[in-house]
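Step one of this worksheet: look at the structure below.
The values are calculated or read from the model by the stated rules, or taken from the named source; none is laboratory data. Since the model is a prediction, treat every value here as computed from it, not as a measurement. Glycine also receives a Cβ, built like all others from the backbone with ideal geometry; neighbour counts cover every protein chain displayed. Each accessible area value is taken on the protein alone, full model and side chains, heavy atoms only, with ligands, DNA and RNA left out. Shrake-Rupley method; radii C 1.70, N 1.55, O 1.52, S 1.80 Å.
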Amino acid sequence: MDSLQQRSSTVQEPPGAVPAYRPTPPPAWQPRTDPAPLLPEAEPLRVLGTDAVADADPALLLRLYAELIRGRRYNTQATALTKQGRLAVYPSTTGQEACEIAAALALEERDWLFPSYRDTLAAVARGLDPVQALTLLRGDWHTGYDPHEHRIAPLCTPLATQLPHAVGLAHAARLKGDDVVALAMVGDGGTSEGDFHEALNFAAVWQAPVVFLVQNNGFAISVPLAKQTAAPSLAHKAVGYGMPGRLVDGNDAVAVHQVLTEAVARARRGGGPTLVEAVTYRIDAHTNADDATRYRAAGEVEAWRAHDPILLLERELTERGLLDEDGRRAAAEAAETMAAELRERMNADPVLDPMELFSHVYAEQTTQLREQAAQLRAELEAEGEA
C-alpha cells in the first residue's frame, strides 16, 4: 500500500482528542440454530397409496372417512343455503376437507382451535353445532357460539389476525403451566400478511406451544401462489423463524392427521411451534360471490378432482376390506341426516334483538356504548309506538 492509500484509509485523530471507538471484529459467525433439522420434506408427505398406510389404525381410517363424507355434505348444503338467501356468503372447503377434519381430530378437548372464516367445517368437526358455526356468515352475530365453552376462537375474517391470538393464548397457557396447545389455521393468502410474520416470530422466540396449519389451496382469491412468494415452499418459511417446517399432501387425510398429531405432541412436550403446509386445492370458487372461471382453467380443477380426499381414502378402505357398500350407505345417510337438520333450522327465521348488538363487547360497557344503546332503545320504542 503506498503512502497516499495509507493516509486515505486511516482516520487521523486531532491532537489531544479521545480515540474513537473502533469495535474489534466479531468471532466467526455461527448460526443460532442448525437449519438442517428444520427443513421440510422435499415432496409433500403421503401415507395413502404407500407402504406406510399399513401402520394406520383402521378405526382412525373409518372415522376420517365418515367425517369426510359428512364434511362434503356440509359444504354442499351450506353452498345451497347461499343460493336460497339463507346465508349471506359461504367460503367452501370442498376439496380441502382432509385438512379441516384432521385439524379438528388432532387436538385434545383441552386444546384450542383458531380458525379463519373458511374453517367452519373444522369447527363443526370439533363438535360445534353447524348452525352456530354459520351464524357469522348469516349476519346474525359476530360469533354464534361461546369460544370458551368449545375452545374454538371466533371465526376470523381479517386475514391471519387469528395467528397472533393463538400465539398469545398458547404462551399464556405455558406460563400458567396449563397443558394446552393452540392450532391456528390460515390460507396461503394469509402468509402474505404481516400478522403471519409477527405470529411465527413470537412463537419461535417464546417457544410457544402452537401449530400453524397453512392450507395452500393454490389461490388467494384470484392471486396464484407464484405471485405471492418465490420461496421453495411455504413450509420453508419456518426455517427463517427457527421452527420446523412440514410439507404434507393436504388431500391425504391420514398424512395430514399424522403430521398435525406429531406437531401437537411436540408442542405439548415443550418442543415449540411447527409450521405445516398442506398442499390442497379449492374445488369451488372463493365464495358464492366469486367467478373462478376468470382466473383458472376447468382442466386444472378436473385434475384435482381426480385427487379428491374422499376418493383417496375410500380406495384404501375398499382395498383393505374395511369399507363395503353398506358402510358407504351408512356414512352417506348420516351425512344426509345432518344436512336435513341444518337445512330445516336455517330455513327458520331467527328472532333477533337489536339491543344484543351491545352484548359481549366489553365486560363492563363503556360510556360511549351506554349512550349508543340508549339512543337505539329510544329509536326502537318510538318505532314501536308508531
| How many Å² of accessible area per residue for the chain, probe 1.4 Å? | 52
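If you filter the stretch 82-150 for GluC sites (Glu not before Pro), then keep DSSP loop positions with at most 16 other Cβ within 10 Å, what is left?
Passing sites in the stretch 82-150 are Glu108, Glu109.
Report, in deg cm²/dmol and to the nearest 500, the calculated mean residue ellipticity at 222 nm for the chain, where each DSSP H run with n ≥ 4 adds -39500 (n - 2.57) and the sum is divided by the residue count. List each step's numbers first, then the result.
Values: 14 runs with 169 residues, N = 386.
So the calculated ellipticity at 222 nm is -13500 deg cm²/dmol.
Roughly what % of DSSP beta bridges within the chain run antiparallel, to the nearest 5?
Details: 2 of 25 bridges.
About 10 percent, rounded to the nearest 5.
Where does each of Arg328, Arg269 land when they are ordered by accessible area, with a 1.4 Å probe and the largest first? It would help to have the intermediate numbers written out before the result.
Numbers: Arg328 65, Arg269 180 Å².
Ranked from most to least accessible, the order is Arg269, Arg328.
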| request: With a 1.4 Å probe and every protein chain kept in, tell me what percent of the accessible surface of the chain is carbon plus sulfur. | output: 54
| Net dipole in debye of the stretch 244-386 [+1 Lys, Arg Cβ; -1 Asp, Glu Cβ; about Cα centre; nearest 20] | 900
| Inter-site label distance for His148 and Asp129 at 7 Å from Cα along Cβ, in nm | 1.9
| task | Would you work out which of Gly245, Val279, Pro35 lies farthest towards the positive end of the dipole of the chain, given +1 charges on the beta-carbon of Lys and Arg and -1 on that of Asp and Glu, about the Cα centre? | result | Pro35
| message | Need the C-alpha centroid separation for the stretch 348-371 versus the stretch 28-76, integer Å. | response | 43
| remark: Taking R0 as 30 Å and r as the Cβ-Cβ distance between Ala306 and Ala226, the FRET efficiency 1/(1 + (r/R0)^6), rounded to the nearest 0.05, comes to 0.85
| query | Using a Gaussian network model of the chain with C-alpha springs under 10 Å, which one of Leu352, Leu313, Leu61 is most mobile by mean-square fluctuation? | reply | Leu352
| query | What angle do you read, to the nearest 10 degrees and between 0 and 90, between the alpha-carbon axis of helix 58-83 and the longest principal axis of the chain? | reply | 80
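Report, in debye and to the nearest 20, how large the dipole of the chain comes out about its Cα centre when Lys and Arg carry +1 and Asp and Glu carry -1 on their Cβ. Write down the numbers at each step before the final one.
On the way: 35 positive and 54 negative charges, 225 e Å.
So the magnitude is around 1080 debye.
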| field | the chain: angle of helix 162-176 to the longest principal axis, Cα-based, in degrees nearest 10 | value | 80
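Take the Cβ-Cβ distance between Gln372 and Glu344 as r, set R0 to 35 Å, and report the resulting FRET efficiency rounded to the nearest 0.05. Before the final figure, lay out the partial values.
Details: r = 36 Å, r/R0 = 1.02.
Efficiency for this residue pair is about 0.45.
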| request: May I ask you to derive the relative contact order of the chain, considering only C-alpha pairs under 8 Å and at least 6 residues apart, and to give it as an integer percent? | output: 22
